[in-house]
Amino acid sequence: MLPRQLNPMRLVRVIDASRRKREPKALSADEFQQMLEHVPEPFRTMCLIAMRMGLRVSEILGLKWCDVDWEGMRMGIRQSYVYGITGAVKTPASQRWMPLDRSLAEKLRQHQLRSFSPVNTENIYTHGVPAALREAKLARCHWSSSGTGVQDLSGLKLSIFMNSSRV
């Protein structure tokens, strides 16, 4: 018998539970550009952030405008947003300042102008976005019906950009 304070699932170990079943797909620069033409805003800017900075979806959704240092051309990764809860990033190494290139800074400025709302002056992405995105198979309809030769990418998740940025 276990004391009440202990969760009995702590005793369960599933062998190879966290091992990948297959290697993640990485997009080439050309595949990314072709696909990006068919992704609507605000997801297009999210894809650019993921690809250029290698951020997780939760880190992108956790970004706030105060995390962007426009003069220093850098962005602070400070929190994440998962299932309606703002919290810490996944690992301590994830909490850091990252350089922001001029073209991505310009896209962020455009997004800021498009999405500005007196109700939401804090978050880069309003928290209605996760309901539409939430690790969903983002652009299945865009990738598979795009006619650009990237139909084989249908059903991939936004995390593919994080994998591609590290190649």
### Task
Give the long-range amide H neighbours of V82: residues separated by 5 or more places, or on another chain, with amide H under 5 Å away, using H modelled in the peptide plane at 1.01 Å from N.
G87
### Query
Can you give the relative contact order of the range 41-135 as a percent, counting alpha carbon pairs under 8 Å and 6+ residues apart?
30 percent
#### Entry: Note, ³J(HN,Hα) from phi for the range 92-103, Karplus 6.51, -1.76, 1.60, rounded to Hz, x at Gly and Pro
x, 5, 6, 7, 6, 9, 10, x, 10, 6, 4, 5
#### Entry: Gap separating the Cα centres of the range 10-60 and the range 64-91, nearest whole Å
18 Å
### Summary
So the compactness index of the range 41-135, its C-alpha Rg divided by 2.2 N^0.38 Å, takes the value 0.99
### Task
Can you tell me the order of 58-68, 85-95 when each peptide is scored by its average per-residue count of other Cβ atoms within 10 angstrom, highest first?
58-68, 85-95
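Only the coordinates and a few stated rules stand behind these numbers; no lab work does. All of these numbers come straight from a predicted model, not from anything done at the bench. So basically every Cβ, Gly included, is an ideal-geometry build from the backbone, and we count neighbours across all protein chains shown.
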